[in-house]
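As structure tokens, the structure follows; a few thoughts come after it.
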Amino acid sequence: MGDYLRPRGLEEALQALTRPFTVLAGGTDFYPARVGRAVTEDVLDIAGIAALRGISETEVGWRLGATTTWSELVEAPLPPLFDGLKQAAREVGGRQIQNSGTIAGNVCNASPAADGVPPLLALEAEVELAHRDGTRRLPLASFITGVRRTARQPAELVVALHVPRPRAEARSAFLKLGARRYLVISIAMASVVLEVAEGKVAAARVAVGACSPVAQRLPLLERALIGASFDATLGERAEPSHLAPLSPIDDIRGSAAYRGDAALAVLRRLLSKVAA
Amino acid sequence: MKLEFTLNGRAASWDGAPVTRLAAALRDDLGVTGTKTGCDAGDCGACTVLLDGRQVCSCLVAMGQIEGRSVETVEGLETGPDAMAALQQSFLDHGAAQCGICTPGMLMAAQELVRRNSKPSRAEVEDALGGVLCRCTGYGKIVDAVMDVVSPAPASAPVAGGAVGSRIVRVDGPAKVTGRDVFGADGIPTDVLWIRVVRSPHARAHFELGDLEPLRRRLTAVLTAADVPFNGYGIYPDIKDQPVLADGHVRYRGEAVVALVGERAAVLAIRDDEVPIAWRPEPPIFGVDAAMAEDAPLVQADRPGNLLLKGGVKRGDVAVAFEACAAVAEGTFETAFVEHAYIEPEAGWARRVGDRIEIHATTQTPYMDRDEIANLMRLKPEAVRIVPTACGGGFGGKLDLSVQPLIAIAAWTLGRPVALVYTRPESMAASTKRHPARVKARFGCDTEGKLQSCDVTALFDTGAYASWGPTVANRVPVHAMGPYAIPNVRTWGEAYFSNGPPAGAFRGFGVPQAAIAHEAMMDELADRLGIDRLEFRHRNALRAGDTTATGQTLAHSAGLAECLDALRPHWRKAHEEIAAFNETGGPHRRGIGIGCMWYGIGNTSMSNPSRMRVGLSPAGTLTLYSGALDIGQGSNTIMVQIAADAVGLPAEQFTLVTGDTDLTADAGKTSASRQTFVSGKAAEKAGQDLRQQILRLANAGPQAILSLEGATLSVRDGADVRTIDLATAGPLMGEGTFDPPTTPLDADGQGVPYATYAFAAQLAEVEVDIELGTVKVLRIVAAHDVGRAINPTLVEGQIQGGVAQGLGLALMEEYLPGRTENLHDYLIPTVGDVPEIECLLIEDREPLGPSGAKGIGEPALVPTAPAILGAVHHATGVRAHRVPLLPHRLREAMVAQQRSKA
Ligand SMILES: Cc1cc2nc3c(=O)[nH]c(=O)nc-3n(C[C@H](O)[C@H](O)[C@H](O)COP(=O)(O)OP(=O)(O)OC[C@H]3O[C@@H](n4cnc5c(N)ncnc54)[C@H](O)[C@@H]3O)c2cc1C
Ligand code: FES
Ligand code: FES
């Protein structure tokens, strides 16, 4: 049986990380990976650290504490900028998973199908990592480096995600395709954040998940959206060529060709939905 | 680490490793086993509890996170001794619990919602319950129970003689909604040793065991094939082909190889790679094509050509009849391995009592278990006692042995109680599956749309071991022409061994697979002739007086035409609505489909008797001794209802003793939809027998009215009232036996395979997303001829649950060894996937059955997939030839269709 630490303060946690620990937050990825066997590793339970929890507004944007749960996010009073992330939160597992699972856990687990990642990419979220010797920030896109791989060093903790305040009024949305209604791993999903000025798209950020090892932004599509009028015809702007950054694969949930097709359909609907 | 927290409002403390799952601590250490575990991975929701008022999966919460917090479990719902919460009462009244294994989790998930919102909408309920899977109910009655929590429907207790046909609540319902029912993993004594099974990671391999001594020193015992007295079991007396532990050779991934026995922590701590097994993998044989290939290696050395069995039914001259047909349709349809996915994994414990072995385990068939264990252990059957626990879902999958042999052998040799609880991946890898089928069908009709000829060949992949393969291969040819009168028939079935998981019994024994084919043919012929799909079926429906393809004349109770009549208004109305919807354009298109079925009740051409007893003790206790296992379908309640009316005393005066092979007689297995018809008839006879004895004692006539108060039995015959003092007259015991009359089938499949058949027709409305290939089932209307609904609530529950499984079969379920061995990769319908299901009960009485009843368990599932697939065809023009019709398969078929049109 390994050690189990449940610090109340961040300092204590970072101090502990000078030796190897498996970080435990909501446990919704941790325990499923350990079915039918004894848990022997040393565990650092960060769920009791008050400083890591909750959402606050800062001068430049918002800070989402690492252990903020999906349910807490949904219930937080946030501007429409966060609608997409909230919609994603409602699609993560069922209620029980949303009540336990955390935002940083989703990001650190780095599943290609992590539903939190496309909306956070579209929000241009930055990951704040703390180390005993200081902190650093990475754009989310650089933090997740591959399937279940991140840039986190063993001695670091993710303490928060930071979302910058957009220049113009922003709208956002999320759409997920799965083979059943609840508790389902996405076949494809997408999220969009649009900044709107004078009825036109002033800035666009679109990301697609489950169609590549790491969810991808679609810069060509983003460019094509700029200047478009903000209405239901936005969907028509999405073209197959915009999907170039994606590299869908065949798996039990769908074929590669289908994924590509479906991603485009999901994107078109998403864009119509956000402007509806 | 010692932790303090609040459990159900009271201070609690717990000491142990803080990484321990909350679910495990509750169940194993704190003695509150109402919280169930079905997966330990967040996928099933059975373990749902409230943590600080919020629903969480207790299998995903570390005890270290509980300190100072409040945990609520199902045990905390009751408001006082014997005072259920409104939610529990509502579940009970609505029949929302079937097997009950999901019930505590459902209740807690619902509790989070109703505490905040006592009048939730359907959508709110679905969102709240989306994380709890139920495999039995189809969710409808659960959602209703939550929505109606503040306005419960008053339940009425029927008077003497009025039990049959009434909606009495389940007799085992209170135990299920309070979490007190004891399932396979719930009653395990604390002093047991535990088994962990090491299983094959290969589908086909030879292996050698290395030196096990080092492991034996760390554990109490390590069992191998050499420890099994007779290492072969199987459903058929002459096919004992499956080893308890593999002997040098494995035939499927998940096959048991070595059993580690010791303290729980000790067996869990040993990783598979610490067990010295030298594997020599060989290329596996997957699918019937590989199995049938000329040079295919043999899965079982004594099975040439990998053939398990073949046979069929022949009547008239098919070839000549096809010549004369005005329209002929043909097609080939394939299905996958399908997992039962009962929410309760296999579990149980055994102990040696002198020279007897006693097994407490979840099962569908206590007497078959008893005889099989005796055979494996070289004991007399009387030396084995099976005490079935509550069964958290079976659907055919708990007809085969699972934990029983290993716990029995270990307990016997070690002289200590031994337990084994499968993990979810283990349950999925080790247990039987629905047979993958390839059904090639050809049907022809005349210009009037009357079916003239039918030729069906069904190939089944029976996996590594025979299991129920012969039953499937025998049953399908009898049913493969569908519930229609066809003068010329040739049906044929063959089952082949492969290195897939053993395919066994799963709700319908192959008939659901065949129905996909025959119903597609009905649609196609109807379309060709421009006849409405429902009317086409109506024209051809088997009716009383018709002769079936096996030469059996149906004397009574063939209510398919009535089922179709009942559906007709819904069908017509839906057609209009759908046409109007599709006018509006957009990426969604709706369609409607229909599926019909018939299903022979009980074993195919084989004796399958049931014996029941009803006793009246000197103290006045009225007891039904029933060996018929209730696996959620409701037989406990139905048997009491039938026996009550047969005796003439109120159902609520009955106590029930069920399953235990020492206390009850053999009532056969809970399969083949036979319990209501066969065991129900035996219960009726047992009740009548007891009544006769009472009437004789009282010298009263057949119309006499009985009443029981304490040990005093009053018999009122007209104006005459006699009282019997049971303390002096008792004990009385009535007994009844029933074995449905059948005859063997000859070489052409001619004979009487079943004494009676259930009939059904269902319609499905779907909405297809033509861009994404997803299918949403909007509504099912199910018309079932059940002979007589002994308890309409339970019948509806069976139908709704069967429909949900049929929906899964059609749209999402596919077991792939090594890839979908858990409940997040293997998808079964959630509360958001199962539509509203309207049940229309047709009661065309079967004179042989108790009060005219037949069966419903399997028939409920059979027509659903055909109806859904027909609806998809109606919406899109795409006919599915392979299920599950996953979104990518449907989308690709639509694209191909567009291309071929262009
Ligand atoms: C039934 C079920 C359904 C699910 N459905 C979905 C779904 O639909 N969509 C989806 O995206 N996900 C889904 N998930 C996955 C999971 O719930 C989410 O990824 C969740 O957000 C993970 O958070 P957690 O706090 O529970 O993570 P944990 O299990 O506690 O941790 C996850 C990983 O991240 C690491 N970690 C966690 N926090 C930190 C930190 N602050 N710093 C450094 N490392 C950290 C841990 O060491 C671990 O490796 C599902 C899970 C289950 C069990
Ligand atoms: S046991 Fe916890 S979700 Fe299945
Ligand atoms: S009643 Fe829900 S799983 Fe059996």
Among B:Ile142, B:Ile277, what is the fewest-to-most ranking by other Cβ atoms within 10 Å?
B:Ile277, B:Ile142
Which loop-located trypsin sites (Lys or Arg not before Pro) does segment A:1-83 contain, where loop means any DSSP state but H, G, I, E or B and the Cβ has at most 14 other Cβ atoms within 10 Å?
A:Arg8, A:Arg37
If you consider only alpha-carbon coordinates, what radius of gyration and Dmax does segment B:610-738 have, in Å?
14.3, 46
Whole percent per 5 Å bin, from 0 to the bin with the longest distance: what is P(r) over all C-alpha pairs of segment A:169-275?
2, 14, 25, 24, 16, 10, 5, 2, 0, 0
Obtain the nm distance between the two label points defined at A:Ala197 and B:Ala293 by a simple spin-label model: each point lies 7 Å from its Cα along the Cα-to-C-beta direction.
6.6 nm
Hey, what does the equivalent ellipsoid look like for segment B:391-527, semi-axes from the Cα gyration tensor as sqrt of 5 times each eigenvalue, largest first, whole Å?
41, 13, 11
Where a ≥ b ≥ c are the square roots of the eigenvalues of the C-alpha gyration tensor, would you call chain B rounded, which needs a/c under 1.5, or, failing that, prolate if a/b is larger than b/c, or oblate?
rounded
Please report the equivalent ellipsoid semi-axes of chain A, computed as sqrt(5 x eigenvalue) of the Cα gyration tensor, largest first, in whole Å.
32, 21, 16
Average other protein chain Cβ within 10 Å of Cβ, residues B:768-777:
4
Ratio of the Cα radius of gyration of segment A:4-164 to 2.2 N^0.38 Å, where N counts its residues:
0.98
Over 22 Å [Cα-Cα, segment B:564-637], rounded percent
62 percent
How would you order B:656-662, A:268-274, A:74-80 from highest to lowest mean count of nearby Cβ atoms within 10 Å?
A:268-274, B:656-662, A:74-80
Using the Kirkwood formula over every pair of different C-alpha atoms, what hydrodynamic radius in Å results for segment B:675-778?
18.8 Å
Stokes-Einstein D for segment B:527-575 at 4 °C, 1.567 mPa s, Kirkwood Rh over Cα pairs, in µm²/s?
107 µm²/s
Scan segment B:260-364 for GluC sites (Glu not before Pro) in coil per DSSP, keeping those whose Cβ has at most 15 other Cβ atoms within 10 Å, and list them by number.
B:Glu263, B:Glu294
Determine the equivalent ellipsoid of the protein assembly as shown by diagonalising the alpha-carbon gyration tensor, then write out the semi-axes as square roots of 5 times the eigenvalues, largest first, rounded to whole Å.
48, 38, 31
Straight distance only, please: which lysines reach the Cα of B:Lys450 with their own Cα at less than 23 Å, same-chain residues fewer than 8 apart left out?
B:Lys314, B:Lys440
Hull surface over four for the Cα convex hull of segment A:168-219, reported in nm², is 4.4 nm²
Can you give the alpha-carbon Rg of segment B:283-341 over 2.2 N^0.38 Å, where N counts its residues?
1.69
Diffusion coefficient in µm²/s returned for segment A:197-246 by Stokes-Einstein, Kirkwood Rh over C-alpha pairs, 10 °C and 1.306 mPa s, is 139 µm²/s
Whole-number D in µm² s⁻¹ for segment B:34-77, Kirkwood Cα-pair radius fed into Stokes-Einstein, 25 °C, 0.890 mPa s:
232 µm²/s
Considering only B:Leu840, B:Ser707, B:Gly331, whose Cα is most displaced toward the positive end of the charge dipole of the protein assembly as shown, charges sitting on Cβ of Lys, Arg (+1) and Asp, Glu (-1)?
B:Gly331
Ordered by number, the trypsin sites (Lys or Arg not before Pro) in segment A:88-178 that occupy a DSSP loop and have at most 15 other Cβ atoms within 10 Å are A:Arg132, A:Arg148, A:Arg167
Output the antiparallel fraction of DSSP beta bridges having both residues in chain B, as a percent to the nearest 5.
75 percent
Between B:Ala580 and B:Val657, take the C-beta separation as r, use R0 = 41 Å, and let me know the FRET efficiency to the nearest 0.05.
0.10
What whole-number distance in Å separates the alpha-carbon centres of segment B:193-252 and segment B:43-83?
38 Å
Averaged over its residues, how many other protein chain Cβ atoms are within 10 Å of peptide B:108-114's Cβ atoms?
1
Between B:Asp52 and B:Thr712, what's the calculated FRET efficiency when r is the beta-carbon distance and R0 is 45 Å? Round to 0.05.
0.25
Amide H within-cut-off set for A:Thr150, under 5 Å, with H built and near neighbours excluded:
A:Thr145
Taking neighbour Cβ counts within 10 Å as the exposure measure, how do B:Leu7, B:Leu451, B:Leu525 sort from fewest upward?
B:Leu7, B:Leu525, B:Leu451
For B:Phe509, A:Phe82, what ranking results if the residue with the fewest other Cβ atoms within 10 Å of its Cβ goes first?
A:Phe82, B:Phe509
Let me test this: with uniform point scatterers at the alpha carbons of segment A:79-190, what is the Debye-based log₁₀ I(q)/I(0) at q = 0.19, 0.21 1/Å?
-1.02, -1.19
If you count, for every residue in B:288-301, the Cβ atoms of partner chains within 10 Å of its Cβ, what is the mean?
0
Straight-line reach from B:Lys240: which lysines have a Cα under 25 Å away, not including same-chain ones fewer than 8 places off?
B:Lys310, B:Lys380, B:Lys398, B:Lys433, B:Lys669
Determine, at each q value in 0.18, 0.24, 0.25 (inverse angstroms), the log₁₀ of I(q)/I(0) that the Debye formula gives when each Cα of segment B:779-834 is one equal point scatterer.
-0.70, -0.95, -0.99
Whole-angstrom Cα spans of segment B:51-120 along principal axes, big to small
38, 28, 25
Across segment B:1-177, how large is the tail of the calculated P(r) beyond 26 Å, expressed as a percent of all Cα pairs?
30 percent
Against the longest alpha carbon principal axis of chain A, how many degrees, from 0 to 90 and to the nearest 10, is the axis of helix A:256-274 turned?
80 degrees
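The numbers here are math on the coordinates, done by the rules we state, and not lab data. Bear in mind that the values here come from a model prediction, so they are computed numbers and not experimental data. Backbone-built Cβ (ideal geometry, glycine too); neighbour counts: all protein chains shown.
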